[in-house]
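Just so it is clear, none of the values below were taken in a lab; they were calculated from the coordinates. Note that the coordinates shown come from a computational prediction; the quantities given were computed from them, not determined experimentally. Methodologically, a virtual Cβ is constructed for each residue, glycine included, from the backbone with ideal geometry; neighbour enumeration extends over all protein chains shown.
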Amino acid sequence: MNSGLLEDASFNQSPAFGDVDLFAADRPLVDAATRLGLDAEALSACGRDYGAAETLDLGRIANENPPKLRTMDGKGNRLDLVEFHPAYHALMAKSIGHGIHAAAHDGSAPQAPLGSRAVRLYLATQAESGHLCPITMTHACIGALRAEPALLEKWQPRILSRTYDPRALPWWEKDGVTLGMGMTERQGGTDVRANITQAVTRGDHVEITGHKWFMSAPMCDAFLVLAQATGGLTCYLMPRHRPDGGHNNIRFQRLKDKLGNKSNASSEVEFHAAYAERVGPEGAGVRTIIEMVNLTRLDCAIASAGQMRIALSQAVHHIRNRTVFQRRLSDQPAMRAVAADLALELEAQVALVFRLTHAADHAASDPREAAYARLLTPAVKFLVCKSTPQVVYESLECLGGNGYTEDLPLARYYREAPLNAIWEGSGNVMALDVLRAAGRHPDAAMDTLSRLVRMASQAFNVAPLAQALERTLKSAEAERRARFLCEGLARIAALAALVEAGSPFATLYGETRLGAGHFAQFGTADLGNAEIGLMDRALAA
Ligand SMILES: Cc1cc2nc3c(=O)[nH]c(=O)nc-3n(C[C@H](O)[C@H](O)[C@H](O)COP(=O)(O)OP(=O)(O)OC[C@H]3O[C@@H](n4cnc5c(N)ncnc54)[C@H](O)[C@@H]3O)c2cc1C
C-alpha cells in the first residue's frame, strides 16, 4: 500500500462551519430586521460574534462540561451553589454584553425594543441555547416586576447592567444580576392552582415554605416564585440572600438529568421559611406572572427559530461542500428538494416570529396589534417550537453519518429541540390558550382572523380553511380540535406574514402547506425552480 495515500488524499469532507456572520448570511432575517427598521451594521457585528468559530466552540465546551451542584462543604455547612464551566460564564458575559437579558427595557432601541433584542436572541441561540434560560428569564421578569414599582426600582439598575457578575454575593453588592422563576411543583405544573407551597406574612415580607420541582438557573440572584397566601396564589420575589446578608433558606436538592440543555442547570428545590417580597396583589399570582410568561413564550418561538436556522445553515454548508457521484450534494436534485423545502419553512417561520415581535412592540399603543399578540403568541409558540425537532432532524440527516455523531453539534441541537415546546406551556396548553384568547375577546379575535385571511389570500385562497376554523371554534368540538385550530391559525398567520413581507415565496408556501396533496416529510413538496433561490437565501455566501 502507498504509505502517502492517506496523507495526500482529499477526504471530500466539508470544512468546519464557523467564522460566519450569522446575521448577514441569513437573508430572511436581514429582511425581517429591515422591516423593523433595525441597525443592520450593529446586528452584523452581533452575528459575527456569535458565528465566530471560537464562540461556537464555547457552545460545545459548555455542554460537554455540565454544571455541578454543591449542596454542602466538607464540614456539612450548606452551600447550595452550582458550579459552571468557564465556557458557560463566557457565553453569559457575551449575551449580557449584547443586552439580551434586558435591552428591551433600557431604551436602547426605542423603535422596536422587543424586535431588536429578538434578533440578538435568535443569533445567540445559534451558538448555545442553555445559557439563554437565565438570560430570557431576566428579560421577562421585568414584565412581572412592573406590578410592584418600588421593588422594580430597587432591582432595575442591576438588572439592566451589561456586566455579568457570577459571584455568589448579596444582590446589592453585585455589578449585575440575573433572575429566575419557580412555578412548577411535583403535583402540578400547568395547573399552578394546585401549588401547595405556602407564604406566611412576617411584617413587610413573607416566609415561604414548600418546594419547586423544576427551577432552572438556580444560581440566579432572585426568583419569581408562586406560593399560596391567605388571599390565594400570589407572586413573590425570593432573593438568594436575606436583607441581613445571610443565605436565604433555599435548598437545592439535585439537578435534573435532562435529554439536552446540558449547559443549563435545572434544579429541584426546597424552601424552608425562605425570605421573599410580594409582587402584585395577593391572590393575583397568575395574573402577575403571566406578564412574564407572555415574554418567555415569545422567546421560546424566537429561540426555536434560531435553533432551526443554525441546523439548516450547517446542512446547507455541508451539502455545498460534499460531492457524491461526481456531483455536489447541493446539485443533486433530491437533496436540493429537501434543503429548499426546509428553507421555505424557515422563510415563513422567521417572517412569522418577527411579525409577532412587531405586534408585541406595538401592543400598548395599537389595539389591533394587541389582539394579534394575544391570539398569536400561543399559536406561534406552538407551530415554531413543534417544527423544531423535525427541521433539526432533517438537517442532521443532510450531514449523513457525521450528523449523528457527538463530534458535530447537530446531535446537541437535536436533543435541545423539543424543550421550547414543553416549558412555558406545552403544546396542548398553547392550543387551549388560543381558544381562551378567542373566547375572552371574540370580536378582536375574529377581526384578527379576517385581517390575516385577507392578507394571506392575496397569495393563496385560505378562505375555506378559515371557515373551517371558525366553524370548529364555535362548535362543541373546539377543545378536542384545539390543535387543529392552533396550527391552522398559525399557518394562515405565517402565510400572511410572508405576504406582508412581500416575499416571492408566499404562494409556494400556501400551496405546499395549506393546499391539497402535501405530505408531511420535508423534500416531498414540489418547489420547482424556486429551490436555488431558497437555498441561496438560507445561507448567503
Ligand atoms: C428543562 C426544563 C426546565 C424547566 N425549568 C423551569 C423553571 O425554571 N421554572 C418552572 O417553573 N418550571 C420549569 N420547568 C417546568 C415546565 O414549565 C413544565 O414541565 C411544563 O410547564 C409542563 O408542566 P408539567 O411538567 O407539570 O406537565 P403537566 O402540566 O402535567 O402536563 C403534561 C401534559 O399534559 C398536557 N396538558 C396539560 N393540561 C392539559 C389540558 N387541560 N388538556 C390537555 N392536555 C393538557 C400538557 O400539554 C403536557 O403535554 C422546566 C421544565 C424543563 C423540562
Under 18 Å from the residue 468 label point (7 Å along Cα→beta-carbon), backbone N, the range 356-395: 383
Residue-by-residue Karplus 3J(HN,Hα) for the range 164-180, coefficients 6.51, -1.76, 1.60, Hz, glycine and proline x: 8, 10, x, 5, 7, 10, x, 4, 6, 9, 9, 8, x, 10, 10, 10, x
Between the range 485-541 and the range 458-476, the Cα center-to-center distance that results, in Å: 19 Å
Charge sum, other residues only, whose C-beta stays under 15 Å from residue 435's C-beta, Lys/Arg counted +1 and Asp/Glu -1: +4
Two-decimal Rg/Rh across the range 387-447, once Rg and the Kirkwood Rh are taken from alpha-carbon atoms: 1.27
Cα-Cα P(r), the chain, percent of pairs per 10 Å interval: 4, 18, 28, 26, 16, 6, 2, 0, 0
Qualifying trypsin sites (Lys or Arg not before Pro) in the range 147-210, DSSP loop, other Cβ atoms within 10 Å at most 13: 167, 186
With Cα atoms, 0 to 90° folded angle of helix 86-97 axis to the chain main axis: 90 degrees
Kirkwood Rh and Cα Rg combined as Rg/Rh, the range 105-232: 0.99
Taking the range 287-538 and dividing mean pair separation by its residue count, relative contact order in percent (alpha carbons under 8 Å, at least six apart): 28 percent
Å³ per residue enclosed by the Cα convex hull of the range 1-140: 147 Å³
Long-range HN-HN contacts of residue 276 with modeled amide H, under 5 Å: 206, 208
Separation in nanometres of the label points that stand 7 Å from Cα toward Cβ, at residue 426 and residue 244: 4.3 nm
The range 320-404 - Rg over Rh from alpha carbon coordinates, Kirkwood radius: 1.19
Per DSSP, loop trypsin sites (Lys or Arg not before Pro) in the range 456-487 with at most 13 further Cβ within 10 Å: 474, 480
P(r) tail fraction, the range 361-406 - alpha-carbon pairs more than 16 Å apart, %: 58 percent
Within the chain, longest stretch free of exposed chymotrypsin sites (Phe, Trp or Tyr not before Pro) [DSSP loop, at most 14 other beta carbons within 10 Å]: 12-324
Spin-label model distance (nm) - residue 11 vs residue 458, 7 Å beyond Cα toward Cβ: 5.1 nm
Computed helical MRE - 222 nm, the chain, DSSP H runs ≥ 4 contributing -39500 (n - 2.57), nearest 500: -16500 deg cm²/dmol
Selected from 224, 364, 437, residue furthest toward positive end of dipole (the chain; charges at beta carbon): 437
Theoretical gain in end-to-end length, residue 89 to residue 270 [0.36 nm per residue, Cα-Cα removed]: 62.6 nm
Phi to ³J(HN,Hα) by Karplus 6.51 cos²θ - 1.76 cosθ + 1.60 over the range 115-130, Hz, x for Gly, Pro: x, 5, 5, 4, 4, 5, 4, 4, 6, 4, 5, 6, 7, 6, 8, x
Principal semi-axes in Å for the range 287-538 [√(5λ), Cα gyration tensor, largest first]: 32, 20, 15
Euclidean distance of C-alpha centroids, the range 293-314 and the range 401-433, integer Å: 10 Å
Listed residues 464, 203, 14: farthest to the positive end of the dipole of the chain (Cβ charges): 203
Sorted by Cβ neighbour density within 10 Å, fewest at the top, the residues 262, 212: 262, 212
Separation of the residue 530 and residue 167 label points, Cα + 7 Å toward Cβ, nm: 5.6 nm
Within the chain, longest stretch free of exposed GluC sites (Glu not before Pro) [DSSP loop, at most 13 other beta carbons within 10 Å]: 1-405
Cβ charges +1 (Lys, Arg) and -1 (Asp, Glu), total dipole of the range 27-283, debye: 340 debye
Mean projected area in nm² (Cα convex hull; one quarter of hull surface) for the range 241-391: 14.1 nm²
Vicinal HN-Hα couplings computed from phi for the range 155-163 (Karplus, 6.51 cos²θ - 1.76 cosθ + 1.60; Hz; Gly/Pro x): 8, 3, x, 7, 5, 6, 3, 8, 9
Diffusion coefficient, µm² s⁻¹, Stokes-Einstein with Kirkwood Rh over alpha-carbon pairs of the range 27-283 at 37 °C and 0.692 mPa s: 173 µm²/s
